[in-house]
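Colleague: This is the structure, below, for whatever I ask next.
The values are calculated or read from the model by the stated rules, or taken from the named source; none is laboratory data. These numbers come from a predicted model, not from an experiment. Here the Cβ positions follow ideal geometry from the backbone for every residue, glycine too, while neighbour counts run over all protein chains shown. Note: accessible area is taken over every heavy atom of the protein model, side chains too, but ligands, DNA and RNA are not part of it. Shrake-Rupley method; radii C 1.70, N 1.55, O 1.52, S 1.80 Å.
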Amino acid sequence: MTNINNIKKAEKVREDDYIYLSAMIRTRENHRINYDALMRMADAKDLSEILKMLPEYSIEPIYGENGMFDAEETVTAYLAEEFRVIAKSMPQPAILDFLKVSYDCHNLKTVIKSVSRGRESFDSLLIDLGTVPADKVYDAVKKQELDIFPKNMANAFEKAEKAFSESGDPKLIDSILDEACYADMIDSVYSYDKEYFRRLVEIKIDTTNILTAVRTMRMRDTTGLFSSMFIDGGKLDKKFFEKAILSGEEGLISALALKGYNVAVADGDRLSLTRLAKNCEDLYMKYVDSAKSVTFGAQICVAYLIKASYALKMLRMIAASKQTGVLPSKIKESIGKF
């Protein structure tokens with residue numbers, strides 16, 4: 001995987017080149033879904049009321065052949081257009097690759113699992129937001145032309161495919177390609193001389209490892225599962241976790257707080273995994289939002305797209321919750337400020 005010391009010399013990011021684009025994004029921010037809008041949607045009486053709100057935020061609802069609202073297609077189409085508009089105006093559009101590789105990862109996982117199960121129709125499961133167009137993923141896999149994918153994912157493909165064929169366990173595909181995906185994120189952000197990008201990936205990796213550590217501790221795992229699932233590249237190394245875990249969950253939480261990862265805002269006597277995941281996401285989004293203090297610069301572009309992605313993720317959740325009768329108060333508990 002990635003060796004940070006071997007990464008090529010970082011390209012300079014000239015903030016002055018982003019003056020016009022930063023102003024354009026600040027204007028667009030006034031018309032996108034924000035925290036208050038999501039709270040309004042959570043209070044809506046039903047899904048039809050939410051659909052009436054969407055045009056206020058330049059989102060056109062997409063309906064399937066059955067006439068039902070297609071939340072996934074709606075969100076993907078809107079987000080793809082946001083990425084297209086921002087990337088088109090960016091002096092260094094490849095900066096956004098570290099946000100896109102997770103979609104490459106999703107698409108690769110989908111194709112491997114679908115093909116191995118004999119499923120021929122899976123186009124609707126692919127998300128066309130990666131560095132590789134979704135309509136090229138299957139052919140690339142079929143022809144073994146993997147060099148169009150980010151380097152680490154391409155190198156991990158054969159391992160993931162083999163592990164799945166031998167075990168039949170889809171979780172092995174996820175863990176192998178997720179590790180490669182994070183390595184590609186690191187490669188991407190270290191290609192540019194910008195601490196903000198690097199710290200975003202570090203926090204994402206650290207919070208992923210935090211969640212894995214707590215989950216495996218609650219499973220009372222003694223098989224070294226955490227060590228096998230640990231992802232390199234964050235500020236917190238494996239030795240930190242292995243030492244902190246010996247002190248139990250409370251010891252781990254305390255050690256994390258000393259490192260600036262205060263994720264112990266509990267709901268009740270014990271921190272639920274759901275709440276822990278939300279606290280980790282809130283911590284990440286808080287750092288994303290630090291770009292607000294910048295007058296102009298590439299980080300404004302990145303923060304805008306991350307917040308748009310998060311808002312649309314929450315929109316999907318709200319739409320699904322309305323269809324299943326979840327109370328507004330419960331929906332709101334899942335929505336973080338951003």
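Colleague: Please tell me if L79 is in a helix (DSSP H, G or I), touching a strand residue (DSSP E or B) at 6+ places or on another chain (Cβ under 8 Å) and not aromatic (F, W, Y).
Modeller: It is false that L79 is in a helix (DSSP H, G or I), touching a strand residue (DSSP E or B) at 6+ places or on another chain (Cβ under 8 Å) and not aromatic (F, W, Y).
Colleague: Let me ask something else. Quick check on this structure: which one of L200, L236, L146, L225 is among the hydrophobic types (A, V, I, L, M, F, W, C) and under 19 Å from K109 (Cα atoms)?
Modeller: L146
Colleague: Being of a type in the set (A, V, I, L, M), at pLDDT 95 or above and in contact with a Lys or Arg (Cβ under 7 Å, 6 or more places away or on another chain): is that true of V288 here?
Modeller: For V288, the condition - of a type in the set (A, V, I, L, M), at pLDDT 95 or above and in contact with a Lys or Arg (Cβ under 7 Å, 6 or more places away or on another chain) - is met.
Colleague: From (1) closer than 20 Å to V141 by Cβ; (2) within 18 Å of the chain's Cα centre (by Cα), pick out the condition that doesn't hold for S114.
Modeller: Evaluating S114 over (1) closer than 20 Å to V141 by Cβ; (2) within 18 Å of the chain's Cα centre (by Cα) leaves (2) as the failure.
Colleague: Moving on. Can you find a residue in segment 2-21 that is surrounded by 14 or more Cβ atoms within 10 Å (Cβ to Cβ), within 23 Å of the chain's Cα centre (by Cα), closer than 30 Å to A319 by Cα and of a type outside the set (A, V, I, L, M, F, W, C)?
Modeller: no
Colleague: Would you pick out the residues in segment 272-282 that are over 16 Å from R199 (Cα atoms) and either among the hydroxyl-bearing types (S, T, Y) or open to solvent by 10 Å² or more (accessible area, probe 1.4 Å) (or both)?
Modeller: S272, L273, T274, R275, A277, K278, N279
Colleague: Take segment 181-197 and flag every residue that is in a helix (DSSP H, G or I) and in contact (Cβ under 8 Å) with a residue 12 or more places away in the chain.
Modeller: C181, Y182, A183, D184, M185, I186, D187, S188, V189, Y196, F197
Colleague: Let me ask you something else. In the set L108, L47, which member is closer than 27 Å to K337 by Cα, in contact with a Phe, Trp or Tyr (Cβ under 7 Å, 6 or more places away or on another chain) and of a type outside the set (S, T, Y)?
Modeller: L47
Colleague: Among the residues of segment 155-177, are any in contact with a Gly (Cβ under 9 Å, 6 or more places away or on another chain), surrounded by 15 or more Cβ atoms within 10 Å (Cβ to Cβ) and touching a residue at least 40 places away in the same chain (Cβ under 8 Å)?
Modeller: Looking for residues that are in contact with a Gly (Cβ under 9 Å, 6 or more places away or on another chain), surrounded by 15 or more Cβ atoms within 10 Å (Cβ to Cβ) and touching a residue at least 40 places away in the same chain (Cβ under 8 Å), one finds none in segment 155-177, hence no.
Colleague: When segment 200-230 is examined, which residues are found to be under 18 Å from L256 (Cβ atoms), under 22 Å from the mean Cα position of the chain (by Cα) and open to solvent by 50 Å² or more (accessible area, probe 1.4 Å)?
Modeller: Matches in segment 200-230: K204, R215, M229.
Colleague: When you scan segment 283-308, how many residues do you find that are more than 18 Å from R26 (Cβ to Cβ) and open to solvent by 10 Å² or more (accessible area, probe 1.4 Å)?
Modeller: So the count comes out to 4.
Colleague: Additional query: For segment 50-106, enumerate the residues that are open to solvent by less than 50 Å² (accessible area, probe 1.4 Å), without any contact (Cβ under 8 Å) to a residue 12 or more places away in the chain and under 20 Å from K194 (Cα atoms).
Modeller: The one that is open to solvent by less than 50 Å² (accessible area, probe 1.4 Å), without any contact (Cβ under 8 Å) to a residue 12 or more places away in the chain and under 20 Å from K194 (Cα atoms): A87.
Colleague: Sticking with this structure for a sec: Would you mind telling me which numbered condition in (1) touching a Gly at 6+ places or on another chain (Cβ under 9 Å); (2) open to solvent by 50 Å² or more (accessible area, probe 1.4 Å); (3) modelled with pLDDT of 90 or more N34 fails?
Modeller: Against the list (1) touching a Gly at 6+ places or on another chain (Cβ under 9 Å); (2) open to solvent by 50 Å² or more (accessible area, probe 1.4 Å); (3) modelled with pLDDT of 90 or more, N34 comes up short only on (1).
Colleague: Then there is this: Taking the condition surrounded by 18 or more Cβ atoms within 10 Å (Cβ to Cβ) and either basic (K, R) or out of contact with any strand residue (DSSP E or B) (no Cβ under 8 Å at 6 or more places or on another chain) (or both), does A319 pass?
Modeller: Here the answer is no, as A319 does not meet what is asked.
Colleague: Would you list the helices (runs of 4 or more DSSP H) that sit entirely within segment 89-180 and hold 1 or more residues that are at pLDDT 90 or above and touching a Pro at 6+ places or on another chain (Cβ under 9 Å)?
Modeller: 97-116
Colleague: Report yes if some residue within segment 263-283 is among the hydroxyl-bearing types (S, T, Y) and at pLDDT 90 or above; otherwise report no.
Modeller: No; the residues of segment 263-283 include none that is among the hydroxyl-bearing types (S, T, Y) and at pLDDT 90 or above.
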